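Participant: Have a look at this one.
The values are calculated or read from the model by the stated rules, or taken from the named source; none is laboratory data. Predicted model only: the values in this text are computed from it and were never measured. Neighbour counts are summed over all protein chains in view; Cβ atoms, including those assigned to glycine, are modelled from backbone coordinates with ideal geometry.
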Amino acid sequence: MRLLTGILMIMVFSLNLWGQSPDHKVNWDFSYESVLNQNQIKWDHSQGTLYTWLKHRKEEHQFVVDFVKAQLQTEPEQIFLIDHPTFPSAGRTTIMGVKYQGKCFYYWRSTDEKMRNFQRSEIDVVKFDQIFSRLHTLKQRGFDSMGGPEKAYAGFLSTFNHGQSRQVLLHIHDFLEFDAENHQILRVGRIGEIENSLQVNNNISFN
């Protein structure tokens with residue numbers, strides 16, 4: 001009986017250690033293949049799709065993936081990841097916010113500014129919560145008025161909230177809304193607002 005009790009205690013202890021393993025998994029498709037397929041994005045390299053952008057920057061993409069995975073090993077409470085070509089050069093901009101043990105940070109990199117490595121800045125918890133709430137509930141825009149998904153979508157948004165993850169495609173109007181016929185910029189899009197607020201600390205209301 002004592003032997004059985006001892007074995008059970010060892011098993012429970014081992015399971016607890018396994019549950020706290022830094023190798024815990026998050027159900028994110030870092031290749032973005034699943035979200036592209038769900039939205040019927042053509043995997044035709046001649047079309048200039050988002051997949052082409054990823055495919056032609058395989059080494060750079062792996063660098064981003066490895067960095068995100070390293071952050072996930074801390075088992076954070078919440079993460080947001082905004083990943084898109086830099087306009088108009090088609091470089092790469094990646095912004096990630098992380099909430100871990102009551103502290104919040106955001107990481108930013110831009111190949112256009114020759115910033116391959118992520119730069120880290122601390123962010124106020126209240127502001128992080130406002131931004132995360134907006135991103136985690138953000139609804140993906142449709143593409144009907146843009147002539148197809150390949151022309152409409154210009155990036156990826158991923159969020160992770162206490163074990164649950166989601167991914168959506170970012171519309172070109174999420175960065176900048178414009179009147180194509182009159183060649184007029186109407187306003188900064190909802191993702192553009194968030195990126196500006198993080199990088200230049202301007203006072204944008206998220207209410």
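Participant: Under the condition of being surrounded by 15 or more Cβ atoms within 10 Å (Cβ to Cβ) and charged (D, E, K, R), which residue from the range 84-111 is modelled with the highest pLDDT?
Facilitator: K99
Participant: Can you find a residue that is closer than 25 Å to E59 by Cα, of a type outside the set (G, A, S), in contact (Cβ under 8 Å) with a residue 24 or more places away in the chain and in a helix (DSSP H, G or I) anywhere in the range 116-138?
Facilitator: No, the range 116-138 has no match at all.
Participant: Oh, and also: Out of all the residues in the range 43-59, is one or more surrounded by 13 or more Cβ atoms within 10 Å (Cβ to Cβ), in contact (Cβ under 8 Å) with a residue 40 or more places away in the chain, in contact with a Leu (Cβ under 7 Å, 6 or more places away or on another chain) and of a type outside the set (G, A, S)?
Facilitator: yes
Participant: Of (1) modelled with pLDDT of 90 or more; (2) surrounded by fewer than 17 Cβ atoms within 10 Å (Cβ to Cβ), N203 satisfies all except one. Which?
Facilitator: Single failed check for N203: (1).
Participant: Considering only the range 74-115, how many residues are farther than 25 Å from G163 by Cα, in a strand (DSSP E or B) and not hydrophobic (A, V, I, L, M, F, W, C)?
Facilitator: Going through the range 74-115 one residue at a time, the tally reaches 7.
Participant: Could you tell me which residue of the range 117-133 is nearest to the chain's Cα centre (by Cα), considering only residues that are over 19 Å from Q167 (Cα atoms) and surrounded by 15 or more Cβ atoms within 10 Å (Cβ to Cβ)?
Facilitator: Kept after step one, since they are over 19 Å from Q167 (Cα atoms), are these residues of the range 117-133: 117-127.
If we keep only those that are surrounded by 15 or more Cβ atoms within 10 Å (Cβ to Cβ) too, we end up with 118, 123, 127.
Working: F118: 14, I123: 17, K127: 17 Å.
Per the stated criteria, the residue is F118.
Participant: Right, here's the next one. Can you tell me which of (1) over 21 Å from P149 (Cβ atoms); (2) modelled with pLDDT under 85; (3) in a loop (DSSP other than H, G, I, E, B) is the one L15 doesn't meet?
Facilitator: So L15 meets the others, but not (3).
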